[in-house]
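A short worksheet on the structure shown next.
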Amino acid sequence: MWYLPVIIADLTCKVWDLSIGAELMSLEDHPNYVTTVRYCDVNKLVYTVSNSFVKIWDIRSGAKCVKVLR
């Protein structure tokens, strides 16, 4: 599978599976607009940055936030 995290203007990040062309999940509950997103294919983690927060998401089992850095 090929994943593509995309920043959306409503305080979320959507994760798309490019192999099937469909949205898989929405990473929500950011305190501000998401400004940066990174995906690590090795451990299947998505990192989202909003203002003074970094959220780490494990997308192997759905949209689960595993850590918040302040």
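Quick notes
- DSSP bridge pairs, the chain: antiparallel proportion in percent, nearest 5: 95
- Modelled spin-label separation between ASP41 and ASP29, with each label point placed 7 Å from Cα along the Cα-to-Cβ direction: 3.0 nm.
- Accessible surface of the chain [probe 1.4 Å, protein heavy atoms]: carbon and sulfur percent: 56
- Cα convex hull volume per residue for the stretch 1-42 (Å³): 68
- Summing charges over neighbours of SER26, with a neighbour being any other residue whose Cβ is under 14 Å away from its Cβ, gives -2 when K and R count +1 and D and E count -1.
- Summed residue charge, Cβ within 9 Å of TYR3's Cβ, Lys/Arg positive, Asp/Glu negative: -1
- In terms of packing, defined here as the mean over residues of other Cβ atoms within 10 angstrom, the peptides 20-26, 50-56 line up highest first as 50-56, 20-26.
- Per residue convex hull volume, Cα atoms of the stretch 13-70, in Å³: 80
- Probe 1.4 Å, protein heavy atoms only - accessible area per residue of the chain in square angstrom: 63
The values are calculated or read from the model by the stated rules, or taken from the named source; none is laboratory data. Here the structure is a predicted model, which means the values were calculated and not measured. So basically every Cβ, Gly included, is an ideal-geometry build from the backbone, and we count neighbours across all protein chains shown. For accessibility, only protein heavy atoms count, side chains too; no ligands or nucleic acids. Shrake-Rupley method; radii C 1.70, N 1.55, O 1.52, S 1.80 Å.
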